[in-house]
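Student: First the structure, which I've put down as C-alpha cells, then a few questions once you've had a look.
The values are calculated or read from the model by the stated rules, or taken from the named source; none is laboratory data. Not measured: the values here are computed from a predicted model. Counting neighbours? That spans all protein chains shown, and the Cβs are built from the backbone with ideal geometry, glycine included. Only protein heavy atoms, including side chains, enter the accessible area calculation; ligands, DNA and RNA are left aside. Shrake-Rupley method; radii C 1.70, N 1.55, O 1.52, S 1.80 Å.
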Amino acid sequence: MLTNCAAQDGFEISPRFRRTIEERVARLERDADYDEAQVARLVNGDHIRRQLRLVAVERAEVLRMRLFLDRARIRVPRPLIEL
C-alpha cells in the first residue's frame, strides 16, 4: 500500500514498467469480463458465489493498478552526454 508521503511526493517509473502494468490491466479487464459472462452458465450457488468473488478481486486489482499509474510519473532518461 502507498503511504501518504509517497502519494504526495509522487514517484517515477520506467516507460517499460508502465507499459507492462498497462498490459496487465488490459488482461485483467478481459479476464473479468469473461469470468463474469461465465456466471450465466453456472448452476451451483457456491460456484456462482466463487465466480463473482473472482470477478470482484480482478476488478479491485485493476483499480489498484490504475491508481498506481495515476500517481506515477514516467522517468525521463538522463542525457547521454553531460552538458
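Student: Under 8 Å by Cβ, and 6 or more places apart or on different chains, what pairs join a residue from region 22-34 that is closer than 19 Å to R71 by Cβ with one that is open to solvent by 100 Å² or more (accessible area, probe 1.4 Å) and assigned to a helix (DSSP H, G or I)?
Tutor: V25/R66
Yes/no per residue for (1) over 11 Å from the mean Cα position of the chain (by Cα); (2) under 16 Å from A26 (Cβ atoms); (3) at pLDDT 95 or above; (4) not aliphatic (A, V, I, L, M):
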site: R41; (1), (2), (3), (4): yes, no, yes, yes
site: L52; (1), (2), (3), (4): yes, no, yes, no
site: A56; (1), (2), (3), (4): yes, no, yes, no
site: V62; (1), (2), (3), (4): no, yes, yes, no
site: R66; (1), (2), (3), (4): no, yes, yes, yes
site: P77; (1), (2), (3), (4): yes, no, no, yes
site: L83; (1), (2), (3), (4): yes, no, no, no
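Yes or no, residue by residue, for (1) under 30 Å from R18 (Cβ atoms); (2) not in a strand (DSSP E or B):
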| residue | (1), (2) |
| --- | --- |
| E36 | yes, yes |
| H47 | no, yes |
| L52 | no, yes |
| R59 | yes, yes |
| R73 | yes, no |
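Student: Related question: Within region 49-79, track down each residue that is touching an Asp or Glu at 6+ places or on another chain (Cβ under 6 Å) and either open to solvent by 100 Å² or more (accessible area, probe 1.4 Å) or farther than 22 Å from E36 by Cβ (or both).
Tutor: R73, R75 - these are the residues of region 49-79 that are touching an Asp or Glu at 6+ places or on another chain (Cβ under 6 Å) and either open to solvent by 100 Å² or more (accessible area, probe 1.4 Å) or farther than 22 Å from E36 by Cβ (or both).
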